[in-house]
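**Student:** Before anything else, here's the structure in question.
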Amino acid sequence: MTKHILPAILSCSGYILTDTEKRFFAKHKPVGINLFARNIQNKEQIKKLISEIKQTIESDDILIAIDQEGGRVRRLTEPEFRSYAAAIDIGKLPFADACKAAKLHASLISADFQELGINVNYAPVLDIAYPQTSEALKSRCFGTTPELVTALGKQMINTYLQNGILPCIKHIPGHGRSATDPHLHLPFLNYSLAELETDFLPFRQLNQCPLGMTAHIVIPEIDSLNPLTHSSTGINKIIRQTIGFDGFLISDAIDMKALQGTSGQKAARAISAGCDAICYALGNIEEMQDIAASLPPLSDISAERLSRAKKLLNNKTTNTNIEAQAQEYQFIMKNVSPYQETYDATEVLNHLLQNTNHKGD
């Protein structure tokens, strides 16, 4: 049953599938497809693209994933879609208001997704913000304490699931302590596991989330040679055992410069280390062909985790009073001074697409 499924969430190059992409996706049947700004023109175009993807791969429940965190990290933007606050701004609110805003935030995004056919949000971010946290990450964190991050993350996770949308907690096991941007360099967390317990806590408390995404970080106390995404010791001991996450584990984007090698090599190492699927963002057909040639079929245990997650897509409740929710969300957020973001971490990958030849590092 699973022998024809590629353990990868891949991407496409534009507003429609090219003939080459259609042939490739039809043959390899990836677990899912990521959408980025380059794939989004307007609502009708997005619906047609998603329909085209489902028809090509012959799957109505294929994962259609997107980064719609809020702040600058959102692919569905004005004027066709509502503006959403960055996580750090939600976390600035008084606690009760923050919990309400987090719930409304996820409810409104769920309504957008339901209209379009998107079923996965790479959110919420459960990393904890520290003074040294990279600008690539800081505005995407709810706050500086595990209690606040856990509480607001839980509100979002539950709301997405109530609306038949799969949330994906990231970046397991947390890299808020690092000042290094993994899009560009490999972060090292030179801390003891006792010190990192604080960072692990939100992920442990919310380990029943159906999807999770790895962090491209090295924790020398666990594995001094390999980033966690490529470390079987790190995935088994930290993510699966210490944190207790038994959901479908997706690598952070393998395009990032934190990982070394060709796309196929990076993908194969992630699956061998224990990721259930890899995430690939750049939409380069040659690199995707390399990935497909390098990966085994989706494993039985990964297929079981994926099946558990997909069952939650059936929670397709009708989201009502959208405009009232939007007005309440705007009212709650109106007095928060927005964090001055200077860097959209995920869209950096598209700039890499334009400025490199993508043949590995």
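The values are calculated or read from the model by the stated rules, or taken from the named source; none is laboratory data. The shown structure was predicted, so the numbers you read here are calculated from the model rather than taken from an experiment. Glycine gets a Cβ as well: all are built from the backbone with ideal geometry, and neighbour counts include every protein chain shown. Remember, those area values only see protein heavy atoms, side chains included, never the ligands or the DNA or RNA. Shrake-Rupley method; radii C 1.70, N 1.55, O 1.52, S 1.80 Å.
**Student:** So, with +1 on the Cβ of K and R and -1 on the Cβ of D and E, and no other charges, what is the size of the charge dipole of the chain about its Cα centre, to the nearest 20 debye?
**Tutor:** Dipole about the Cα centre, nearest 20: 540 debye.
**Student:** In Å², what does the accessible area per residue of the chain work out to with a 1.4 Å probe?
**Tutor:** Per residue, the chain has an accessible area of 39 Å².
**Student:** How much of the accessible area of the chain, probe 1.4 Å, is carbon plus sulfur, in whole percent?
**Tutor:** Carbon plus sulfur share of accessible area: 50 percent.
**Student:** Using a Gaussian network for the chain with springs between C-alpha atoms less than 10 Å apart, which of these wobbles most: PRO210, PRO124, PRO296?
**Tutor:** Between PRO210, PRO124, PRO296, it is PRO296 that shows the largest mean-square fluctuation.
**Student:** Pick the calculated Cα extents along the principal axes in Å for this structure from (1) 59, 46, 45; (2) 51, 50, 39; (3) 60, 39, 38?
**Tutor:** The calculated read-out lines up with (2).
**Student:** Please work out whether region 222-304 counts as rounded, prolate or oblate from its C-alpha gyration tensor, where a ≥ b ≥ c are the square roots of the eigenvalues and a/c under 1.5 means rounded, while otherwise a/b larger than b/c means prolate and anything else oblate?
**Tutor:** Cα axes put region 222-304 in the oblate bin.
**Student:** Let me ask something else about it. Listed here are the pairs LYS48/LYS310; LYS27/LYS310; LYS170/LYS237; LYS138/LYS257; LYS47/LYS334; LYS43/LYS316; which of them are more than 25 Å apart at the Cα?
**Tutor:** LYS47/LYS334
**Student:** Relative to the Cα centre, what is the charge dipole magnitude of region 61-201, using +1 at the beta carbon of each Lys and Arg, -1 at the beta carbon of each Asp and Glu, and rounding to the nearest 20 debye?
**Tutor:** Result for region 61-201 is approximately 160 debye, rounded to the nearest 20.
**Student:** Then there's this: Would you work out the charge dipole size for region 186-248 about its Cα centre, treating the Cβ of every Lys and Arg as +1 and the Cβ of every Asp and Glu as -1, and quote it to the nearest 20 debye?
**Tutor:** 160 debye
**Student:** Quick check on region 84-185: take the gyration tensor over C-alpha atoms, sort the square-rooted eigenvalues as a ≥ b ≥ c, and tell me if it's rounded (a/c under 1.5), prolate or oblate.
**Tutor:** Note, shape of region 84-185 comes out oblate.
**Student:** For region 1-95, rounded, prolate or oblate, judged on the Cα gyration tensor with a ≥ b ≥ c (square roots of eigenvalues), a/c < 1.5 rounded, else prolate if a/b > b/c?
**Tutor:** Prolate is the answer for region 1-95, as a/c is 1.5 or above and a/b outweighs b/c.
**Student:** Using helices alone, what [θ] at 222 nm do you get for the chain, with -39,500 (n - 2.57) per DSSP H run of 4 or more residues, divided over all residues and rounded to the nearest 500?
**Tutor:** Counting only the DSSP helices, I get -11500 deg cm²/dmol.
**Student:** Set Lys and Arg Cβ to +1 and Asp and Glu Cβ to -1, take the dipole of region 128-210 about its Cα centre, and tell me which of THR133, LEU152, ILE165 lies farthest positive.
**Tutor:** Towards the positive end, the residue furthest out is ILE165.
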